[in-house]
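Structure first, commentary second.
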Protein chains: 2
Amino acid sequence: MKPWNKVAIVGVGLIGGSIGLALLRRNLVREVVGIGRSEANLETAQRLGAVTSATTQLPLGVSGADLVIVCTPVARIAQDVCQVAQAVGSECLITDAGSTKSDIVREIESAASAAGWKSGVRFVGSHPLAGSEKRGPENANAELFVNRTVIVTPAGNTKSTDIELLRNLWTGLGAKVVEMSPSQHDEIMATTSHVPHVVAAAMAAATPSELVRLTAGGWQDTTRIAGGDPDLWQQILLSNRDNVLRSLEQFEQRLGSLKQAVKNRQQQALQELLMEAKQTRDAVGS
Amino acid sequence: MKPWNKVAIVGVGLIGGSIGLALLRRNLVREVVGIGRSEANLETAQRLGAVTSATTQLPLGVSGADLVIVCTPVARIAQDVCQVAQAVGSECLITDAGSTKSDIVREIESAASAAGWKSGVRFVGSHPLAGSEKRGPENANAELFVNRTVIVTPAGNTKSTDIELLRNLWTGLGAKVVEMSPSQHDEIMATTSHVPHVVAAAMAAATPSELVRLTAGGWQDTTRIAGGDPDLWQQILLSNRDNVLRSLEQFEQRLGSLKQAVKNRQQQALQELLMEAKQTRDAVGS
């Protein structure tokens, strides 16, 4: 018997498409329904084998699913989860793939309490650290999660059996799972992902376009993620505003120290600051 | 007949080794002498075929050369060029591979005038935009310059025949050559190379080491060049101090605008700033 019977994926872009493809290729599911607003994306996903069927009607698509994965942009996740929750019973686990968590969990909990859903919503957040500046189901890749980290973020009322189900989902796709609270997730991601995006964007924007042809590998690496989708990223940054601002200040402090060392021609201090940075960087591979 | 008879390379690391290897593999030179202070590096270079002979004695090594390429760290280039100039006659062209230019040219010119060298030094600067966080002759690569840009920086007294010789050198190794003055070079490189290094270092240093395992491709790309050699980079940054400080301010302005948009929850403004960055970044490939 396969681990999952019917999985519904809401939002079949790069991430949603890759999840569907990986589940089907690894023979972990009987049926994957793709749910989206763009007929063209759904057709592409179906043609590439990322879903077995597709619909633009969310309640229809999620009906009878044992797992729903919401892979829409951050600002839409909470409302999509609530819409799913209204359509399915408590036999269905819901997760997402969003880059922030606290805002989403808060919004879902307050909607659940406003709607008077007795048992709350059976939602546990996920965040696969497998983003890309690429988009769309045409870039879906069944190996996208292999050796990547997926953060699973249980909230106060999450059942341990649901955490276990999510662990099995992601490890089944080849990923390592790390568990933490939604707020710890957001605090860490501000430093490891969101502020790097802001910095890469500032660097790209500060480069006059006529100089771009004189850039080399260094500039190109440093600015690569600035090619990401501006609409998705404004949602992420605003959803994690407080942590992003705090983490930006940490960055600005380090930048200020480096700047002062250059300004004051402090050779030794400058070299030490650069060495400290190198040691942190060298802790991961190239 | 080969374009060059004897080429001497002072400093046989990644760049010097790659030049020797490329010249010999492409059959552009009869003899390449490697000159350095580290016997081990020289032996590696010779074993890998990057030089045909090697010596730690600079005057001996450059004797009879028709081209000398100084590939030592930025802070040593000017004095090495002057030492070469003392040892060779005006039949020998001298160039370098340094990441800054104004300081070096200024120092060479003042040494030449102090020494009373009548015709000055036959030096024209080069900067191959082909750096790497890798080092040493063991990483030398005969294809390192293919499709890369090399900036050649004639000074006031440079002869057009010497520029032509350098153009042929670098295009012979597969590179595209762009010509500009030393000061224009330094101004541009501050933006396209030196400030990205400072920013990458600040980002790496601002990341607590226990979070490094939770980084993904974005952080890793953005900080990759922070793995570069701290001693080489403090030299580069201090040699180009004024331009680096000016260019850092441009970066800080952009960062400040992004920060304000996040702080004030200005969704539209934030998205526009990110879009502007994306457009600049998209002008080069991934």
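Since every read-out is calculated from the coordinates, none of them should be taken as a lab result. The structure displayed is predicted, hence computed values, not measured ones. Positions of Cβ are backbone-derived with ideal geometry, glycine not excepted, and every protein chain shown enters the neighbour counts.
Observations, loosely collected:
- Boolean, A:Ala85 is under 25 Å from A:Ser239 (Cα atoms) and more than 19 Å from the chain's Cα centre (by Cα): yes
- Residue match in segment B:35-44 (condition: touching a strand residue (DSSP E or B) at 6+ places or on another chain (Cβ under 8 Å), closer than 24 Å to B:Asn168 by Cα and assigned to a helix (DSSP H, G or I)): no
- Identity of the residue in segment B:206-243, outside any helix (DSSP H, G or I) and over 30 Å from B:Ser183 (Cβ atoms), that ends up farthest from the other protein chains (Cβ to nearest Cβ): B:Pro208
- When residues in segment B:244-257 are screened for being within 7 Å of chain A (Cβ to nearest Cβ), more than 16 Å from A:Ser247 (Cα to Cα) and more than 25 Å from the chain's Cα centre (by Cα), 1 of them pass.
- Failed condition for A:Ala216, given (1) closer than 28 Å to B:Glu210 by Cα; (2) of a type in the set (Gly, Ala, Ser); (3) surrounded by fewer than 24 Cβ atoms within 10 Å (Cβ to Cβ): (1)
- Filtered residue count, segment A:65-83, keeping only those that are assigned to a helix (DSSP H, G or I), of a type in the set (A, V, I, L, M) and over 24 Å from A:His185 (Cα atoms): 0
- Here A:Gln260 meets each of (1) over 25 Å from B:Ala75 (Cα atoms); (2) part of a helix (DSSP H, G or I); (3) more than 7 Å from chain B (Cβ to nearest Cβ); (4) not acidic (Asp, Glu) with one exception, condition (1).
- Number of residues in segment A:48-101 that are surrounded by fewer than 21 Cβ atoms within 10 Å (Cβ to Cβ), under 23 Å from A:Arg25 (Cα atoms) and touching a Pro at 6+ places or on another chain (Cβ under 9 Å): the value is 1.
- Within segment B:120-147, being over 16 Å from B:Ser193 (Cα atoms) and of a type in the set (Gly, Ala, Ser) holds for B:Gly120, B:Gly125, B:Gly136, B:Ala140, B:Ala142.
- Any chance B:Ser286 is of a type in the set (S, T, N, Q) and either touching a Cys at 6+ places or on another chain (Cβ under 6 Å) or not in a helix (DSSP H, G or I) (or both): yes
- Residue tally, condition in a helix (DSSP H, G or I) and either of a type in the set (Asp, Glu) or out of contact with any helix residue (DSSP H, G or I) (no Cβ under 7 Å at 6 or more places or on another chain) (or both), over segment A:45-64: 4
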